[in-house]
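Take a look at the structure below.
The values are calculated or read from the model by the stated rules, or taken from the named source; none is laboratory data. All figures in this text were calculated on a predicted structure; none of them were measured in a lab. Every residue, glycine as well, gets a Cβ built from its backbone with ideal geometry; the counts of neighbours run over all protein chains shown.
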Amino acid sequence: MPFVVYALCALTAATCAVLLFIAWSRSRSRMLWWSAICFVFLTLANVLLVVDFFILPDRVLWPVRHGLSLAAISALLYGLIFEEP
């Protein structure tokens, strides 16, 4: 059951990223761009979570997962601070 939940979280984050990129391509809002980048990193972190727990449980992947999460939040913070007036 946890595999399904983690996989659905990754799928949801990927869907959000795609929808944000589509909205960005229509409006060219910089905040949509940074939000989409944030969700791309969150998708990668969620996919790596599935890989870490179920495919390669003997590997230590939590630093990479946390690094991707940090990159996601950093991209969103950059967009919030520097891109919107």
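For this structure, a couple of remarks:
- Within the option set SER29, SER74, SER69, SER35, being of a type in the set (Gly, Ala, Ser) and more than 15 Å from the chain's Cα centre (by Cα) holds for one residue only, SER29.
- Of all the residues in region 13-34, those that are out of contact with any Ser or Thr (no Cβ under 9 Å at 6 or more places or on another chain) and closer than 24 Å to PRO63 by Cα number 1.
- Just one of the listed residues (LEU49, LEU76) is touching a Ser or Thr at 6+ places or on another chain (Cβ under 8 Å) and either assigned to a helix (DSSP H, G or I) or in contact (Cβ under 8 Å) with a residue 12 or more places away in the chain (or both), and it is LEU76.
- Across region 44-51, not a single residue is classified as at pLDDT 95 or above and loosely packed, with under 13 Cβ neighbours inside 10 Å.
- Test for ALA71: is it touching a Lys or Arg at 6+ places or on another chain (Cβ under 6 Å) and aliphatic (A, V, I, L, M): no
- When residues of region 52-77 are limited to those that are more than 20 Å from VAL5 (Cα to Cα) and at pLDDT below 95, the one surrounded by the fewest Cβ atoms within 10 Å (Cβ to Cβ): ASP58
- Taken as a whole, region 27-35 holds at least one residue that is part of a helix (DSSP H, G or I), free of Cβ contacts under 8 Å to residues at least 60 places away in the same chain, exposed (fewer than 15 other Cβ atoms within 10 Å of the Cβ) and not basic (Lys, Arg).
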